[in-house]
Amino acid sequence: MSEPVRGPVREVAVVAFGQSEHVPDSAETSEVEMLMPVLHDVLAQTGLKARDIDFTCSGSSDYLAGRAFSFTMALDGVGAWPPIAESHVEMDGAWALYEAWVKILTGEADTALVYAYGKSSPGDLREVLTRQLDPYYVAPLWPDSVALAALQAQALIDTGITDARELAGIGARSRGGTDADPGRQLVGPLRTGDCPPVVDGAAAVILAAGDTARRLVDRPAWIRGIDHRIEAHSLGVRDLTDSPSTRLAAERAGAFEAPVDTAELHAPFTSQEVVLRRALRLDAAGGTVRVNPSGGALAANPVMAAGLIRLGEAAAAIHRGASDRALAHATSGPCLQQNLVAVLEGER
Amino acid sequence: MSNAATAKEPVAVVGVGQTKHVAARRDVSIAGLVREAAQRALADAELTWAEIDAVVIGKAPDFFEGVMMPELYLADALGAVGKPMLRVHTAGSVGGSTALVAANLVAARVHRTVLTLAFEKQSESNAMWGLSLPIPFQQPLLAGAGGFFAPHVRAYMRRTGAPDAIGSLVAYKDRRNALKNPYAHLHEHDLTLEKVQSSPMLWDPIRYSETCPSSDGACAMVLTDRAGAARAPRPPAWVHGGAMRSEPTLFAGKDFVSPQAGKDCAADVYRQAGITDPRRQIDAVEMYVPFSWYEPMWLENLGFAAEGEGWKLTESGATALDGDLPVNPSGGVLSTNPIGASGMLRFAEAALQVRGQAGEHQVDGARRALGHAYGGGAQFFSMWLVGAEAPVG
C-alpha cells in the first residue's frame, strides 16, 4: 500500500463497556430485550442520557434474525426520538465501532454509542454461515464453519506450526484452566474443546473524544490506532496458516511500535489463536502478553457481538488499571478472512 | 487539547459509474455486476484499482440475493484485498448512507481516495416477499412496500386536498425524463399521461405506472480529498453537507406524511452547506420517490414548499426538467430501482449534475444539487448537497 499512515486528528477513547449474560438459547427473550439492559448499563457507567449521544452505530445480521431489516427492531429499543444521527453495518459490532470512531474524527460528534447483538439459537449457526460463502461455487456445497476451520487447523498441523497438545492447552486456558478435556472429535482435527460455544448475546460501548472522555471516566481507554483489512474470499488462494491482513492492520494501528501487556483476540477456534499470535508477534522472546484474560470467543461467541466484546474487554482492562496498553482484534468471514486490530492505552 | 479538531478535509466526487439497469442481468454474476459499475467509476476518475485506499459497500437486506454479508465474497471483484472494506446497511436509505460513510473516511483524513458502491440484483430473488415480514414480526396483510406506504399517501391527499391526478403527473414526468438517461431501467417511449392514469390500481391510490420497478443494477463513486480533486481529469462535485437521521418505525405521534427525521436531516445538511432558501439556492434535486406521490410529500418535508403546498409545485411544472426546480431529471426511482443502489444513484446523479456530466438529462447551469434517500418505515434518511465549487473554509 502506498498510502502513508496519518495519525488521528482527534483523541478518541472507549469510556464504557457492557455485555449481556451470554446464554445458549434465549427463546424467551427478543433481541431488543437482550440489548436494553446493556444499553442502560453503559449509559449509567458514564452518567450520560440517551439524548447526550451524538452518534449511534450498530452491527448485526439479518441472516441470524431470520428477517429483513432486523436492526430496525433494535432501533425501536434505543429510543430514537427525537430523531438521532444513526448508522448500521451488516458486520460485527467492531466495525460499527470503527465507523463511529471515524465519525468522531470528523468533528461531527463528541460521543457515540455502539452496540451489537446476535441470536444464533433460532437456527443452526454452522449451516447459516455457509450462506456467506461464494454463492456460485462454494455455498451450494454447504461447507460449514467448523469444517472450514478444521481445514485451517489441519494445515497448521501439517506444516508443524502447532499440534493437538497446544490446541488443547489453548482451549483449557480459555475456559479458565479447570476444564482440560479436549472433548470428542467434531471435524478432524478439531475437537469440541477447540470450538466456540454458540450463544446469544449483546454488547455495547460508548466512545468519547478528548476532554469529554476525561470528564466521563477516571481512566479512558484511548484508541491509539485502529485499522482493518480484508483478504481474498477463495480459500484456495490463501495461505491459511498465516494472516497477512491481521499483520497489516496491526502495523497500521501501530501495534508493533511498543509492546502490549494484554491482547484480546477474536479467535473462535483454538487453531485461529495460533495464527493470530504469530501474525501479531505475541510470542516474542521474553514477552509477557496476557492473551484473552476474558476467555475470548472460546468462552462465549455471540456472533456479530464477539468482536466488539474483544474491544470492550481490552478497554475495560484499561479502565480498571489491569492494563496500560492492550491490543484488541476482531474477525469476520471464513478462516479469518477479514480482521480488525485496535491499540488501546491508558494514561500512566 | 482534545478539542483541537482540525477542520474537515473537503471531499470531492471525481468518478461516477453505473450499470445499465434492467429487470434481470442474467449475463453477469453478482461480482460481475458490481465490478462493471466500479470499473466505470474508476475510468471516469482515470484511476486504477491500486490508487483506491478503501472500499465502502452498501446494499439492502441480504435476503434480496440470498447471500449473507456478500461483501466477503465480493472483496476480490472490488479490488479490496489487502484494503479496508466496510459494509453498510440502513434499509432503503443505504445507498446514501454508504456514500456518507465513505465521505467521512476522507473528511476525517483516515484515507485519501475511497471507492464506494451500492448494488442490488433483485432478479436473484423476490424483493416483495423479501420485504413481507413473517408473523410474529408483522401482521400478514402487508404485501411489499406499496402496501405499507399507500395509507400514508392517502393521508397526504386528505390532509392537503391535493387533486387525485398529481401522482400521475409525477410518474409521467419521471418516466419521460428516463428516456434521456441511457442507464435508466424503464424506457417507455409510448407512455402517455392517459396510460398512467388508466394503469391497474395496485395499492389504492397507487397505480402500476406510479410504482418503482424491480431492477438489477449497481452504482459506484470515487471520493477523494483536495489533492485528489486537483488531479482529476474532469470537474469534481464537492460535498457541501451530508447527514443521516433515524427515528423509530412506529410510535404514538409519528407523522408518516412528513417524518421529523427527514426534516431534521435536511436542516442539518442545509446548515452545513449554508443553504437558507432551498427553493432558490438548489438547482436540481434527486430525491427518493418510489411511489409517485412521494414527490410532493418530500418537497414539503425537505423545505422546497410550505406544508400542504408541495403538490402545487408539482402541478405547476416547476419540477420538470425545464422547470425552475427540476426533480429527478434522471428518471428517479420510478424508472430505476436496484433497491440498495437507489439511494446512491440519487447521490451520484446529483454529483453528475453539478459536474455538468449528466448528458441529455443535464439541468442547464446546475451549480448545487441535493441527493436524498429514505428507507424503512419512512424512518431512515440520508442526504448530501454537492456543488460545482469547493466549499469555503
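From the cross-link list B:LYS121/B:LYS180; B:LYS20/B:LYS121; B:LYS20/B:LYS180; A:LYS103/B:LYS8; B:LYS59/B:LYS180, which pairs have alpha carbons spaced over 20 Å apart?
Working: B:LYS121/B:LYS180 23 Å; B:LYS20/B:LYS121 12 Å; B:LYS20/B:LYS180 13 Å; A:LYS103/B:LYS8 11 Å; B:LYS59/B:LYS180 26 Å.
Pairs exceeding the cut-off: B:LYS121/B:LYS180; B:LYS59/B:LYS180.
Tally Lys and Arg at +1 and Asp and Glu at -1 over the other residues with C-beta under 12 Å from the C-beta of A:ARG348: what net charge comes out?
On the way: positive: A:ARG219, A:ARG325; negative: A:ASP261, A:ASP324, A:GLU345, A:GLU347.
It works out to a net charge of -2.
Working from the alpha-carbon coordinates of the range A:216-319, get Rg over Rh, Rh being the Kirkwood radius.
Value, to two decimals: 0.96.
Any idea what % of Cα-Cα pairs in the range A:53-93 are farther than 14 Å?
Details: 370 of 820 pairs.
Taking all Cα-Cα pairs of the range A:53-93, the fraction more than 14 Å apart is 45 percent.
How many nm is it between the label spots at A:PHE256 and B:ARG271, if each spot is 7 Å from the Cα in line with the beta carbon?
With each label placed 7 Å out from Cα toward Cβ, I get 4.4 nm.
What base-10 log of the normalised intensity I(q)/I(0) is obtained for the range B:161-265 from the Debye formula, alpha carbons as equal point scatterers, at q = 0.11, 0.21 Å⁻¹?
Relative scattering, expressed as log10 I(q)/I(0), comes to -0.64, -1.11.
With a 10 Å cut-off between alpha carbons and a GNM built on chain B, which of B:LEU72, B:LEU100, B:LEU186 moves the most?
Most flexible of the set in this elastic network: B:LEU72.
Using only Cα atoms, find the angle between the long axis of helix B:166-178 and the longest principal axis of chain B, and express it within 0 to 90 degrees, rounded to the nearest 10.
Once rounded, the angle reads 40 degrees.
Indicate the gyration tensor shape class of the range A:156-219 (rounded, prolate or oblate), computed on the Cα atoms with a ≥ b ≥ c the square roots of the eigenvalues: a/c under 1.5 is rounded; otherwise a/b larger than b/c is prolate and the rest oblate.
Values: a/c = 3.09, a/b = 2.52, b/c = 1.22.
Prolate is the answer for the range A:156-219, as a/c is 1.5 or above and a/b outweighs b/c.
Net charge around B:ARG245, counting only other residues with Cβ within less than 11 Å of its Cβ (Lys, Arg = +1; Asp, Glu = -1)?
On the way: positive: B:LYS263; negative: A:GLU86, B:GLU247, B:ASP264, B:ASP268.
Taking every Cβ under 11 Å from that of B:ARG245, the sum is -3.
Which three semi-axes in whole Å describe the equivalent ellipsoid of chain A, each the square root of 5 times a Cα gyration tensor eigenvalue, listed largest first? Write out the running numbers ahead of the final one.
On the way: eigenvalues 181, 115, 71 Å².
Values for chain A, descending: 30, 24, 19 Å.
Under a cut-off of 13 Å between alpha-carbon atoms, report the aspartates and glutamates in cross-link reach of A:LYS49, not counting same-chain residues fewer than 8 places apart.
In chain and number order, the partners are A:ASP41.
Helix A:145-158: angle to the longest alpha-carbon principal axis of chain A, degrees 0 to 90, nearest 10?
Taking the Cα atoms of chain A, the angle to A:145-158 is about 60 degrees.
Can you tell me what percent of all Cα-Cα pairs in the range B:235-363 are more than 24 Å apart? Can you show the working numbers first?
Details: 2121 of 8256 pairs.
In whole percent, the long-distance tail amounts to 26.
log10 I(q)/I(0), Debye, Cα-only the range B:75-206, no solvent, q = 0.09, 0.15 Å⁻¹?
-0.46, -1.06
Quick one: among A:GLY66, A:GLY118, A:GLY286, which has the greatest mean-square fluctuation in a GNM of chain A with alpha-carbon springs under 10 angstrom?
A:GLY286
Pull up the DSSP beta bridges for the range B:259-393 and report the antiparallel fraction as a percent, rounded to 5.
Numbers: 8 of 12 bridges.
Of the beta bridges lying entirely in the range B:259-393, close to 65 percent run antiparallel.
Given only helices, namely DSSP H runs of n ≥ 4 each adding -39500 (n - 2.57), what is the per-residue ellipticity at 222 nm of chain B, to the nearest 500 deg cm²/dmol? Present the calculation step by step, with values, prior to reporting the outcome.
Values: 14 runs with 132 residues, N = 393.
Rounded to the nearest 500, the figure is -9500 deg cm²/dmol.
Using Cα positions and a limit of under 17 Å, work out the lysines in reach of B:LYS173, with same-chain residues fewer than 8 apart set aside.
The reachable lysines, counting only those whose Cα sits under 17 Å from B:LYS173, are B:LYS195, B:LYS312.
In Å³ and rounded to a whole number, note down the convex hull volume per residue for the Cα atoms of the range A:76-197. Before the final figure, lay out the partial values.
Working: hull volume 24.9 nm³, N = 122.
It is 204 Å³ per residue.
Compute and list, largest first, the equivalent-ellipsoid semi-axes of the range B:12-65 from the alpha carbon gyration tensor, each √(5λ) rounded to a whole angstrom. Let's see the in-between values first.
Working: eigenvalues 99, 38, 21 Å².
Equivalent ellipsoid of the range B:12-65: 22, 14, 10 Å, largest first.
Among the DSSP beta bridges whose two residues both lie in chain A, what percent are antiparallel, rounded to the nearest 5?
Working: 36 of 52 bridges.
So the antiparallel bridges in chain A amount to around 70 percent.
Can you sort B:TYR172, A:TYR117 from fewest to most other Cβ atoms within 10 Å of each residue's own Cβ?
Numbers: B:TYR172 23, A:TYR117 32.
The fewest-first ordering by Cβ neighbours comes to B:TYR172, A:TYR117.
Need the C-alpha centroid separation for the range B:58-125 versus the range B:257-308, integer Å.
26 Å
Using C-alpha positions alone, give me the convex hull volume of the range B:40-91 per residue in cubic angstrom. Please report the intermediate quantities before stating the final value.
Details: hull volume 4.8 nm³, N = 52.
Enclosed volume per residue, from the Cα hull, is 92 Å³.
Under the 0.36 nm per residue contour assumption, what length would be gained going from the current alpha-carbon distance of A:VAL237 and A:GLU347 to full extension?
Working: separation 110, 0.36 × 110 = 39.60 nm, distance 4.26 nm.
Contour length minus the Cα-Cα distance gives 35.3 nm.
Between 0 and 90 degrees, rounded to the nearest ten: what's the tilt of helix B:144-160 against the longest Cα principal axis of chain B?
Value to nearest ten degrees: 70.
When N is the residue count of the protein assembly as shown, what does its C-alpha Rg come to as a fraction of 2.2 N^0.38 Å?
Working: Rg = 25.0 Å, N = 741, 2.2 N^0.38 = 27.1 Å.
Normalised by 2.2 N^0.38 Å, the Cα Rg of the protein assembly as shown equals 0.92.
Could you work out the percent of alpha carbon pairs in chain B separated by over 39 Å, rounded to a whole number? Walk me through the intermediate numbers first.
Values: 8181 of 77028 pairs.
Taking all Cα-Cα pairs of chain B, the fraction more than 39 Å apart is 11 percent.
So for the protein assembly as shown: antiparallel DSSP bridges make up what percent, rounded to the nearest 5?
Details: 75 of 106 bridges.
Counting only bridges with both partners in the protein assembly as shown, antiparallel ones make up about 70 percent.
Report the convex hull volume per residue for the range A:1-83, counting only C-alpha atoms, in Å³.
In the range A:1-83, the Cα convex hull volume per residue is 183 Å³.
Does the range B:293-393 come out rounded, prolate or oblate by the C-alpha gyration tensor, with a ≥ b ≥ c the root eigenvalues, rounded set by a/c under 1.5 and, if not, prolate when a/b is larger than b/c and oblate if not? Display every interim value, and only then the final one.
Working: a/c = 1.38, a/b = 1.16, b/c = 1.19.
Rounded, because the longest to shortest axis ratio a/c is under 1.5.
Counting other beta carbons within 10 Å of each Cβ, put A:TYR63, A:TYR136, B:TYR374 in order, fewest first. All intermediate terms of the calculation are to be shown ahead of the outcome.
Values: A:TYR63 23, A:TYR136 12, B:TYR374 30.
Listed from fewest to most nearby Cβ atoms, that is A:TYR136, A:TYR63, B:TYR374.
Could you derive backbone 3J(HN,Hα) for the range B:193-200 from the dihedral phi with the Karplus parameters 6.51, -1.76 and 1.60 (θ = phi - 60°), listing whole Hz in sequence and x where the residue is Gly or Pro?
The phi angles translate into 4, 5, 5, 4, 6, 10, 6, x Hz.
Computed from the coordinates by the stated procedures, all read-outs in this text should not be read as laboratory data. Not measured: the values here are computed from a predicted model. We place every Cβ from the backbone using ideal geometry, glycine too, and count neighbours over all the protein chains shown.
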